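Here the structure is laid out as structure tokens; the discussion comes afterwards.
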Amino acid sequence: MSSKLIYSLVRPVLRYLPLLPTPLLTLPASLGLHLTTHPSPSFLSFLASSTTHPLHYPLLFLLGSIPLFYVLGLISGNVSWVDRAWPFFTPICSALIVAWVWFNEAGAVYGHNIPRLFLTLALQLAWSARLLSHAIRRDFYNPRGEDYRYTYFRSLVPRPLFSLVHLFVIAIAQPALLFCLSLPLHAVLILPPSELAGGSGWSSIPFGSVTKYLPARHGSAPSATPILNIGDLGVAILALGCLLLEYKADNAMYKYQNGKHTLQSSLPEPQLIRPSSSFKETRKSKTAAYPPSYHPGFPTRGLWKFSRHPNFAGEQLFWVTQALFVVAAGESSAVTRSGWMMGSVFGPCFALSILFCASTFLTEWITSEKYPTYKSYRRLVGQFLPQETALIWLWGKILGNREKAKKEVYEIPVVEVGEPKKSR
């Protein structure tokens, strides 16, 4: 009776199973077959199995990580475990794809794509090293530390709602997104030789020039097959530029915040500016006070004259460049270009942008509560891209409120001991 009831409940869902991605559908059967038929199943034996898809191991890594992150969050009361894994997660998924093409016999037909795979993976490793070094510098791997946005959000919503956010948004959605960011690399992997974009002479590298460095079984493509072209060089330079932007923005923000807090701790309270805040008294943060030389309490110069979040802009653009490697690699065809916007090429970087927009909304709400001048700053500078700033400038000129906002943001208030604070 119970089995019939269960079947009646799941039956409406069964017809949608074929819509799931093929790697996800085939993973249980492939893994089960390997475990039951191989004399000594292991990591490498499953990787080399003829029934293993290049995305099977990344999927196993994802499916194993989700309960781990969730349980760690429940045990510790700290939900930042996914954030600590952020620098490693996508490069590990990508490395598992590259390992499949190297060790699996079926990967021999994709030998012509190995150089481009190595290039995209190398850029991901550079991204990982930059992010990891910045996280270590900020003491982000202190197990007792938690992202301040989670702390604020927890204090604002009912506990059951935060528990749902922890499960579905933090423990499930974020690892799934990090897994999806490796999908453009998989799209590069499966491009056939006939659809690789070439060029004349100097503008591309033929497969024959690298076959001697590859195992013999990876030499199935014609030696004249273009494996890298001038487009790859352009995308790689753009990706490195994004990493440089992130590096400079993170360094500048770190220097600003350290300098502000160091000076703040050395000055008496009357010499600090403490703007009014809509936080309740129990939530008021000491960091809302700041030295006059660090007015208005957050960076507004340098990169921040063009973008309110230049590091986030660089981060999003970097993952767009990962998708652009597919554009540089393949000529236009119905096979390689179908379903790009919502599929495995541009879909992941757009999903990342949605996450960043939601995260930035919360970040800016918190900043506006601590530093009310931030609302005026938003009327001067765009959220991510300089193009937004140009449009905001035009709109401010039309409304005529730009000069007032500039005065509030860039004019340093005079603080005199024993007297009220007033603006120059």
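Residue 15 meets each of the listed conditions (1) of a type outside the set (A, V, I, L, M, F, W, C); (2) surrounded by fewer than 19 Cβ atoms within 10 Å (Cβ to Cβ); (3) touching a residue at least 24 places away in the same chain (Cβ under 8 Å) apart from (3). Could you check, for segment 23-31, whether at least one of its residues is surrounded by 14 or more Cβ atoms within 10 Å (Cβ to Cβ), of a type in the set (A, V, I, L, M, F, W, C), touching a residue at least 40 places away in the same chain (Cβ under 8 Å) and in contact with a helix residue (DSSP H, G or I) (Cβ under 7 Å, 6 or more places away or on another chain)? No: segment 23-31 contains no residue that is surrounded by 14 or more Cβ atoms within 10 Å (Cβ to Cβ), of a type in the set (A, V, I, L, M, F, W, C), touching a residue at least 40 places away in the same chain (Cβ under 8 Å) and in contact with a helix residue (DSSP H, G or I) (Cβ under 7 Å, 6 or more places away or on another chain).
Can you find even one residue in segment 107-116 that is hydrophobic (A, V, I, L, M, F, W, C), under 21 Å from the mean Cα position of the chain (by Cα) and either buried (at least 18 other Cβ atoms within 10 Å of the Cβ) or at pLDDT below 95 (or both)? No, segment 107-116 contains no residue that is hydrophobic (A, V, I, L, M, F, W, C), under 21 Å from the mean Cα position of the chain (by Cα) and either buried (at least 18 other Cβ atoms within 10 Å of the Cβ) or at pLDDT below 95 (or both).
Residue 259 passes every criterion in (1) under 30 Å from residue 366 (Cβ atoms); (2) out of contact with any Leu (no Cβ under 7 Å at 6 or more places or on another chain); (3) modelled with pLDDT under 90; (4) of a type in the set (Gly, Ala, Ser) apart from (3). So, of the residues in segment 221-240 that are touching a residue at least 40 places away in the same chain (Cβ under 8 Å) and within 22 Å of the chain's Cα centre (by Cα), which turns out to be surrounded by the most Cβ atoms within 10 Å (Cβ to Cβ)? Looking at residues that are touching a residue at least 40 places away in the same chain (Cβ under 8 Å) and within 22 Å of the chain's Cα centre (by Cα), I get 239.
Has segment 50-58 got at least one residue that is at pLDDT 95 or above, out of contact with any Ser or Thr (no Cβ under 7 Å at 6 or more places or on another chain) and surrounded by fewer than 18 Cβ atoms within 10 Å (Cβ to Cβ)? No, segment 50-58 contains no residue that is at pLDDT 95 or above, out of contact with any Ser or Thr (no Cβ under 7 Å at 6 or more places or on another chain) and surrounded by fewer than 18 Cβ atoms within 10 Å (Cβ to Cβ).
With the requirement that a residue be among the polar types (S, T, N, Q), assigned to a helix (DSSP H, G or I) and without any contact (Cβ under 8 Å) to a residue 60 or more places away in the chain, what does segment 128-176 give you? First the steps, then the outcome.
Looking only at segment 128-176, we keep the residues that are among the polar types (S, T, N, Q), and these are 128, 133, 142, 151, 155, 163, 174.
Next, only the ones that are assigned to a helix (DSSP H, G or I) stay: 128, 133, 151, 155, 163, 174.
Those that are among the polar types (S, T, N, Q), assigned to a helix (DSSP H, G or I) and without any contact (Cβ under 8 Å) to a residue 60 or more places away in the chain: 128, 133, 151, 163.
The values are calculated or read from the model by the stated rules, or taken from the named source; none is laboratory data. Nothing here was measured: the structure is a model prediction, and the numbers come from that model. Positions of Cβ are generated from backbone atoms using ideal geometry, with glycine treated the same way; all protein chains shown enter the neighbour counts.
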